[in-house]
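The values are calculated or read from the model by the stated rules, or taken from the named source; none is laboratory data. Keep in mind that this is a model prediction, so the values were computed, not measured. Here the Cβ positions follow ideal geometry from the backbone for every residue, glycine too, while neighbour counts run over all protein chains shown. Accessible surface is based on the protein model in full, side chains and every heavy atom, while ligands, DNA and RNA are left aside. Shrake-Rupley method; radii C 1.70, N 1.55, O 1.52, S 1.80 Å.
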There are 2 protein chains.
Amino acid sequence: MMEKIDHIAIVVNNINRGVDWYTKNRDCRVKYQDSSWALLEFENVDLALVLPSEHPPHIAFVDESIKNGTVHRDGSESIYDHDTFGNIIEKIKYKKDQKNKK
Amino acid sequence: MMEKIDHIAIVVNNINRGVDWYTKNRDCRVKYQDSSWALLEFENVDLALVLPSEHPPHIAFVDESIKNGTVHRDGSESIYDHDTFGNIIEKIKYKKDQKNKK
């Protein structure tokens, strides 16, 4: 069985300008936006825009097995890992039904 | 209408070892592999592994409007662009029905 990539995160130096650029140049929907990050929805995967001071660029997978991760304000829990080639991977666990409510 | 992200590409220093790592640690399928690049299929999006000497990390979107791009051996045509924040974007046009045959 194949799994889904939950989201991809890339770094921009200004979230509002990043959202402007992507919504003007690509066909996507703004799922969440504040001054520190934004989540853009594409048909098949979400693209997060983050600030360099807050998060590294990464690829996120849902992983129900993680323990003692960072708990975010929305109740999701995650840990950062890496693929041994320098690419950062986030393993994230959502609260039950959280993902569908977004 | 929302568009799909065609693929994401990340850099690894050895394609075979990269494929080994992802197939052992994540649930994905190898769609293509040679010594210079590989394409891993996840349920919702493809993840390309590329060498640092060949391609930069990037996010790829299908764009039928591109002209005078680089034509690849498989007939696809692409140009690299950027999002003005340092993230590289590939715009790719496939030969008719090519994407479905992969």
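If the stretch A:49-102 were replaced by its equivalent ellipsoid, with semi-axes equal to the square roots of 5 times the Cα gyration tensor eigenvalues, what would those be, largest first, whole Å?
Ellipsoid half-lengths, sorted descending, are 20, 14, 10 Å.
Per residue, what accessible area does chain A have, given a 1.4 Å probe and all protein chains present, in Å²?
Values: 5620 Å² over 102 residues.
Accessible area per residue, chain A: 55 Å².
Of the cross-linked pairs A:Lys31/A:Lys96; B:Lys31/B:Lys91; A:Lys67/B:Lys4; A:Lys24/A:Lys93; B:Lys4/B:Lys91, which ones have a Cα-Cα span greater than 23 Å in the structure shown? Each step should come with its number before you reach the end.
Numbers: A:Lys31/A:Lys96 19 Å; B:Lys31/B:Lys91 20 Å; A:Lys67/B:Lys4 32 Å; A:Lys24/A:Lys93 31 Å; B:Lys4/B:Lys91 12 Å.
In this structure, A:Lys67/B:Lys4; A:Lys24/A:Lys93 lie more than 23 Å apart at Cα.
Please provide three numbers in whole Å: the alpha-carbon extents of chain A along the principal axes, with the largest listed first.
38, 30, 29
Name the residues of the stretch B:24-53, by number, that are at least 10 Å² less accessible with every protein chain in place than in the isolated chain; the surface is that of heavy atoms, probe 1.4 Å, without ligands or nucleic acids.
Buried by the other chains: B:Arg26, B:Asp27, B:Arg29, B:Glu41, B:Phe42, B:Glu43, B:Asn44, B:Val45, B:Leu47.
Could you give the size of the charge dipole of the protein assembly as shown about its Cα centre, using +1 on the Cβ of each K and R and -1 on the Cβ of each D and E, expressed in debye and rounded to the nearest 20?
For this selection, approximately 300 debye.
Nearest 100 Å² is fine: what is the total accessible surface buried where chains A and B meet, probe 1.4 Å? Write down the numbers at each step before the final one.
Details: alone 7250 and 7250 Å², together 11240 Å².
Rounded to the nearest hundred, the buried surface is 3300 Å².
Using a Förster radius of 30 Å, what is the FRET efficiency between B:Asn68 and A:Asp97 based on their Cβ-Cβ separation? Nearest 0.05, please.
Computed FRET efficiency for B:Asn68 and A:Asp97 comes out at 0.05.
Roughly to the nearest percent, how much of the accessible area of the protein assembly as shown is carbon and sulfur, given a 1.4 Å probe?
Answer for the protein assembly as shown: carbon and sulfur cover 47 percent of the accessible area.
Please calculate the 1.4 Å probe accessible area of A:Leu49, with all protein chains present, and give it to the nearest 10 Å².
Around 0 Å² of this residue is reachable by solvent.
Taking the radius of gyration and the Kirkwood hydrodynamic radius from Cα positions alone, what is the Rg/Rh ratio for the protein assembly as shown, to two decimal places?
Values: Rg = 16.8 Å, Rh = 17.7 Å.
Rg divided by Rh gives 0.95.
Note down the relative contact order for chain A as a percent, whole number, built from C-alpha pairs under 8 angstrom at least six residues apart.
Answer for chain A is 25 percent.
Taking 7 Å along the Cα-to-C-beta vector as the label spot, tell me the B:Gln33-B:Asp20 distance in nanometres, rounded to one decimal.
Distance between the two pseudo-spin positions: 1.0 nm.
Distances from B:Asn13 to the same position in the other copies: list them in nm, one decimal, shortest first, using label points 7 Å from Cα along Cα→Cβ.
3.0
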